[in-house]
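Here is the structure we will look at.
Readers should treat all values here as calculations from the given coordinates under stated rules, not as data from a laboratory. Please read these numbers as outputs of a predicted model, since none were measured by experiment. Note that each Cβ is placed from the backbone with ideal geometry, even for glycine, and that neighbours are counted across all protein chains shown.
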Amino acid sequence: MKEIVLILVSIGLLILFIFVVLYIRLLLIAKERTQESINALKGEKILLSEKAANFFGHKSAKVKQIRGNGFLALTDKKIYFKMWLPNKTLIIPLTSIIEVQKVNAFLGKTKAKPLLKIIFYRNNGLRDEVAWLVQEPEKWIFRINKLLRNL
């Protein structure tokens, strides 16, 4: 009986150790991606940023796609997003934005908080939509709309 308890405790500790190592690695990746983003935006004025925005995906990619956290920034020229894992970058020029909205769900996924949704034209001229969970979507909507009015 003691051996079984010892084995179960050992397995539990091993699982806990693995989760701690993975969590620390994710924090290091997040820090690295944030620094990469700041470097990529050097010389531009960052008006708003969110270090851990939760990306809900592209409408054009349908339901089967990778969602994830990353660094989101608004400059006076674009919306910039760098996902932590996988390492992907999305840049939406302000001139391509059609509309900015606050929504409760996107691509059939929802959270307990409203999402920031951007409707825009892709480089190929096709319309697309993306959404993020950010701390203050109203603040993002206000700032983006203010910039759009001044284009």
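Around the amide H of THR75, modelled in the peptide plane, lie the amide H atoms of LEU47, TYR80, all under 5 Å away and 5 or more residues distant in sequence or on another chain. Of the residues ASN39, ASN124, ASN104, the one that moves most in a GNM of the chain with alpha-carbon contacts below 10 Å is ASN124.
Which one, GLY12, GLY108, GLY57, has the greatest fluctuation when you compute a Gaussian network model over the chain with C-alpha springs under 10 angstrom? Judging by the Gaussian network model, the answer is GLY12. Of all aspartates and glutamates in the structure, those lying under 14 Å Cα to Cα from LYS117, and not within fewer than 8 positions of it along the same chain, are GLU99, ASP128, GLU129, GLU136, GLU138. For the chain, modelled as a GNM whose springs connect Cα atoms under 10 angstrom apart, the maximal fluctuation among LEU47, LEU107, LEU22 occurs at LEU22. Once a ≥ b ≥ c are taken as the square roots of the eigenvalues of the Cα gyration tensor of segment 15-133, is the result rounded (a/c under 1.5), prolate (a/b larger than b/c) or oblate (a/b not larger than b/c)? Judged from the Cα gyration tensor, segment 15-133 comes out oblate (a/c at least 1.5, b/c at or above a/b). Sparsely packed loop sites in segment 52-102 (the chymotrypsin sites (Phe, Trp or Tyr not before Pro) outside DSSP H, G, I, E and B with at most 14 other Cβ atoms within 10 Å) do not occur.
Past 27 Å, Cα to Cα, is the threshold; run LYS42/LYS113; LYS111/LYS139; LYS42/LYS111; LYS78/LYS113; LYS77/LYS109 against it and keep the listed order.
On the way: LYS42/LYS113 31 Å; LYS111/LYS139 18 Å; LYS42/LYS111 33 Å; LYS78/LYS113 24 Å; LYS77/LYS109 29 Å.
Where the Cα-Cα span goes over 27 Å, the pairs concerned are LYS42/LYS113; LYS42/LYS111; LYS77/LYS109.
How far, in degrees from 0 to 90, does helix 2-40 lean away from the longest principal axis of the Cα atoms of the chain, to the nearest 10? That works out to roughly 20 degrees. Dividing the mean sequence gap of close Cα pairs (under 8 Å, 6+ apart) by how many residues segment 60-151 holds gives a relative contact order of 21 percent. With helices as the sole contributors, the chain gives -12500 deg cm²/dmol at 222 nm; each DSSP H run of n ≥ 4 counts as -39500 (n - 2.57), and the sum is divided by every residue.
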